[in-house]
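All remarks here apply to the structure that follows.
Computed from the coordinates by the stated procedures, all read-outs in this text should not be read as laboratory data. In this text, all values refer to a predicted model and were calculated from it rather than measured experimentally. Glycine gets a Cβ as well: all are built from the backbone with ideal geometry, and neighbour counts include every protein chain shown.
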Amino acid sequence: MVTGVLAFQGDFAEHLQVLSRMHMPSVEVRTKDDMSKIDALIIPGGESTVIAKFLEETGVGREIQKRIKNVKHPLRVYGTCAGAIVLARKATGKNAPKTLGLIDAVVDRNAYGTQVDSFEAELKISGIRKPVPVAFIRAPKIVSVGKGLEILSRFRGEPVLIRQGNVMIGTFHAEVRDCTDIHRMFLA
Ligand code: GLN
């Protein structure tokens, strides 16, 4: 199983470090060709507007949409923060980008405020025994979730990690706080 990390922009290096600590094979993904080498994809945090633009221009976005439905070589995807925004059914907020529409949720950009409103927290996550240390960095909020989606974690009562089929999104960063638990759960 090879995990790709979308490497247009953002904190892809931190995700690659987590995968390397787990001794999981990984590659950086920038083109449609890179997509053929992978079984799982992580879309990192960063600037959702920039990531969305590159997804469209390179055709990688279209390829992700196709691979999610491909029964022969299916893809699982985990989006963190900006990655969550681009995977959502719809993004809202100032300059909200066009999304891939791969999970039935509406995600609101920069919903906690600006950079100074970033913060750390410990989350209880279904399937993980210990509380997970995470960082919310200019984080979005999941403001609406379709019926039947799994809510894997909440913060102050609101969903922050959700899953629908092969697609999981989280509004926070665990990869910047040395945590491998969520990646392990994603790849299990
Ligand atoms: N605020 C960023 C955006 O909307 C996301 C921040 C992040 O990924 N840490 O693109």
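Of the beta bridges in region 79-188, as assigned by DSSP with both residues counted there, near 75 percent are antiparallel.
Overall size of the chain from C-alpha positions, given as principal axis extents largest first: 40, 36, 32 Å. Highest-first packing order for the peptide set 12-18, 42-48, 180-186, 128-134 is 42-48, 12-18, 180-186, 128-134, based on the mean count of other beta carbon atoms within 10 Å. Around the amide H of Gly79, modelled in the peptide plane, lie the amide H atoms of Ile43, Met168, Ile169, Gly170, all under 5 Å away and 5 or more residues distant in sequence or on another chain.
In the chain, what percentage of the DSSP-assigned beta bridges are antiparallel, given to the nearest 5? Counting DSSP beta bridges with both partners in the chain, the antiparallel share is about 50 percent. Debye-formula intensities of region 82-123, expressed as log10 I(q)/I(0) at q = 0.16, 0.28, 0.33 Å⁻¹, are -0.45, -0.92, -1.06 (one equal scatterer per alpha-carbon, no solvent). With a cut-off of 14 Å between beta carbons, the residues surrounding Gly59 carry a summed charge of +1, where Lys and Arg count +1 and Asp and Glu -1.
In this structure, the residue pairs whose Cα-Cα separation is over 19 Å, taken from Lys90/Lys141; Lys94/Lys147; Lys72/Lys98; Lys53/Lys98, are Lys94/Lys147; Lys72/Lys98.
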